[in-house]
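The block underneath contains the structure these notes are about, expressed in structure tokens.
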Amino acid sequence: MADLEFNTTAGQTIARELLIAYLNTGTAESPSWSAFGKRVEDSDEEMDWSQESTQDILGNTWTTMKKPIITQSFDPCELDAGDAALVKLWNLAVKDQDAAALANQDVLIVHFYAGTAKTAVFAERYDGTMVKPASLGGEGGGFVAMPFDVTLGGTRTTGTAAVGANGTVTFTPDEAA
């Protein structure tokens, strides 16, 4: 794959709203991508590259890294009946306590700032992602929240994403090399 360009204005920083994580609330054959993070104020992908540095007998330092383990926390995350991702996670975590299903979710990360704006932007699909609710509750007089942690996993498939006129996200995988 050729290097991508940012599709934003040169000299302007890229808006955080252009990096969105989606949970598949449909099926593997017919995905329905629902955005994570409604009402979340700050969330970053943390990349653990498993860096290791050693020094040889001549005093030279050598460093190695592995592919990153990518984690992301969504906190606070107040429950909302209109948030399909949270409704699915609540059912798996609270109603069913289905740890196996929570450890095997289908997640799409869309980089709306890289590629062709809204029609063919860079996306990564992870078909074995762990989504782990951290707690359930909240402050008296406040709202019920269910913050959760995500560890991207399974097979990473790169491709492009597009947003239709009705807001539906579609993912097209890259062709095999």
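The overall shape of region 101-177 is oblate: from the C-alpha gyration tensor, with semi-axes ordered a ≥ b ≥ c, the ratio a/c is 1.5 or greater and a/b is no larger than b/c. Potential lengthening of the chain between Glu78 and Glu45 amounts to 9.9 nm, from the contour at 0.36 nm per residue minus the alpha-carbon distance. For region 71-76, putting each phi into the Karplus relation 6.51 cos²θ - 1.76 cosθ + 1.60 with θ = phi - 60° gives couplings of 10, 8, 10, 10, 8, x Hz, in residue order, rounded to whole numbers and with x for Gly and Pro. Where only DSSP H runs of four or more residues are counted, the chain gives -1500 deg cm²/dmol as its mean residue ellipticity at 222 nm, each run worth -39500 (n - 2.57). Taking 0.36 nm per residue of sequence separation and removing the Cα-Cα distance, the Ser135/Thr8 pair yields an extension gain of 42.0 nm.
A DSSP coil position with no more than 14 other Cβ atoms inside 10 Å describes the following GluC sites (Glu not before Pro) in region 1-92: Glu5, Glu29, Glu41.
Annotation for Thr54 and Ile69: the two label points, set 7 Å from Cα along the Cα-Cβ direction, are 2.1 nm apart.
For the pairs Lys66/Lys88; Lys38/Lys67; Lys67/Lys95; Lys88/Lys132; Lys67/Lys88, flag any whose C-alpha to C-alpha distance is greater than 24 Å. Write down the numbers at each step before the final one.
Numbers: Lys66/Lys88 33 Å; Lys38/Lys67 29 Å; Lys67/Lys95 35 Å; Lys88/Lys132 12 Å; Lys67/Lys88 30 Å.
Over 24 Å Cα-Cα: Lys66/Lys88; Lys38/Lys67; Lys67/Lys95; Lys67/Lys88.
Shown for the chain: the carbon plus sulfur share of the solvent-accessible area, taken with all protein chains present and a 1.4 angstrom probe, equals 53%. Dipole magnitude for region 63-177: about 320 debye, using +1 per Lys or Arg Cβ and -1 per Asp or Glu Cβ, origin at the Cα centre. Between the residues Ser50, Thr61, Ala21, the greatest Cα displacement towards the positive end of the dipole of region 1-70, with unit charges on the Cβ of Lys, Arg, Asp and Glu, is found for Ala21.
The values are calculated or read from the model by the stated rules, or taken from the named source; none is laboratory data. What you see is a predicted model; the values in this text were computed from it and never measured. Cβ atoms come from the backbone with ideal geometry, glycine included; neighbour counts cover every protein chain shown. We work out accessible area using only protein heavy atoms, side chains counted, and drop any ligands, DNA or RNA first. Shrake-Rupley method; radii C 1.70, N 1.55, O 1.52, S 1.80 Å.
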